[in-house]
1. In terms of Cα to Cα distance under 25 Å, which lysines are near enough to Lys137, apart from those fewer than 8 places away along the same chain?
2. Do you know the relative contact order of region 181-300, to the nearest whole percent, from alpha carbon pairs under 8 angstrom that are 6+ apart?
3. Return one number: the angle in degrees, 0 to 90 and rounded to the nearest 10, between the long axis of the Cα atoms of helix 66-79 and the longest principal axis of the Cα atoms of the chain.
4. Let me check against my output: what whole-number percent is the relative contact order of the chain, with C-alpha pairs under 8 Å and at least 6 apart?
5. For Asp300 paired with Arg65, estimate the spin-label separation in nm (one decimal), with each label point 7 Å from Cα along the Cα-to-Cβ line.
6. As an exercise, identify the trypsin sites (Lys or Arg not before Pro) in region 263-314 lying in DSSP coil whose Cβ has no more than 16 other Cβ atoms within 10 Å.
7. Which of the three applies to region 138-203, rounded, prolate or oblate, going by the alpha-carbon gyration tensor with a ≥ b ≥ c and a/c under 1.5 meaning rounded?
8. For region 1-83, which trypsin sites (Lys or Arg not before Pro) are both in a DSSP coil and crowded by at most 10 other Cβ atoms within 10 Å?
Amino acid sequence: MALDLVVLYEHPEWQKPLFAALERRGVSFEPFDLKRATFDPDDVPRARLYFNQASPSAYARGNTRAVPFALSLMRALEAGGARVLNGSRAFALELSKSAQAALKQHLGIPHPRTLAFNDVEAAIAAWPEDRWPALVKPEQGGSGARMYLLHSPDELRRLLRDQPGLWLPDNLLMLQEYFEVDRTKGIVRMEFLDGQLLYAMRVVSHGAFNLCPSEVCNPVGDAAGECDVPPATPVKPVEFHPYPDVPAAAVATGQRLVAAGGLDVAGIEYLEAADGRLVFYDVNANSNLRKPIGEAFGFDPFERVVDFLQAQIP
């Protein structure tokens, strides 16, 4: 094995800061583009370590085939004895919002009520009338793609009648309980590396659903973004603020999710409900780090990831 590391990826712009950090440190690595690729199950692994950076939102960029390919490749690698960070178990959890909800229920972690469905009328019959408004989102989410806030069963009927493509990529959708949050505080996202908190930040959405921390999607200042999931209506730019006073209880809950989900690198998101509960609503395995937030805490987050990767290379 001539290579120390192979990084599995689909979005080249997201990975540039990591690739640059690996090059600065002289790590022998190879990027593996999942969009147009092949693999021979009899001829893996080729590297000492693999790092999965595939994203569930690949379909929003026209790269629907990258996700099943990534999952199949990782399973073959693991069967061949390779170590894959954020491997098939972690990726399968990220691909399923309903599995995330089930895991939080098992762990006793407050989370939004969730209903997975493949038929509109079945969903309407099962969803309590007093639980509108509700969010509809893909089971295989990512980058806030194809999310809508709906106020009635008829809105759900009209949405899926007029936009049948929302069923893609896997013909499975979810209704999820909606919580009002303090718009000046937004939600909280915690980034974890090797089971430890890297940093936390508050994210003020101004009504947007795409809260991707990458500076490609949500740039700093007045720079133009290049995101494939733009906001549905014009809104103010999403704001990201360092959150050094994140509650210890929230960090501990995030660590439980990371451990239970087998996540080596993760972004865990929660909101603060009106009754004071911390409601955990999203688990991200492809954790797009935001360099300015790390720098506010005194470090380059991508250098920290490289530290971790180097320590894992056999």
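Nothing in this text is a laboratory measurement; each read-out follows from the coordinates by a stated rule. Owing to the predicted nature of the structure, the values given are computational and were not obtained by experimental measurement. Because the Cβ atoms are built from the backbone with ideal geometry, glycine has one as well, and the counts that use them run over all protein chains shown.
1. Lys35, Lys97, Lys104, Lys185, Lys236
2. Numbers: 199 pairs, mean separation 38.0, N = 120.
Computed value for region 181-300: 32 percent relative contact order.
3. Tilt relative to the chain: about 50 degrees.
4. Working: 564 pairs, mean separation 58.3, N = 314.
Averaging sequence separation for qualifying contacts and normalising by length gives 19 percent for the chain.
5. Distance between the two pseudo-spin positions: 3.6 nm.
6. Working: sites: Arg277, Arg290, Arg304; in loops: Arg277, Arg290.
Answer by residue number: Arg277.
7. Cα axes put region 138-203 in the oblate bin.
8. On the way: sites: Arg24, Arg25, Lys35, Arg36, Arg46, Arg48, Arg61, Arg65, Arg75, Arg83; in loops: Arg25, Lys35, Arg36, Arg46, Arg65, Arg83.
Loop-located and lightly packed - Arg36.
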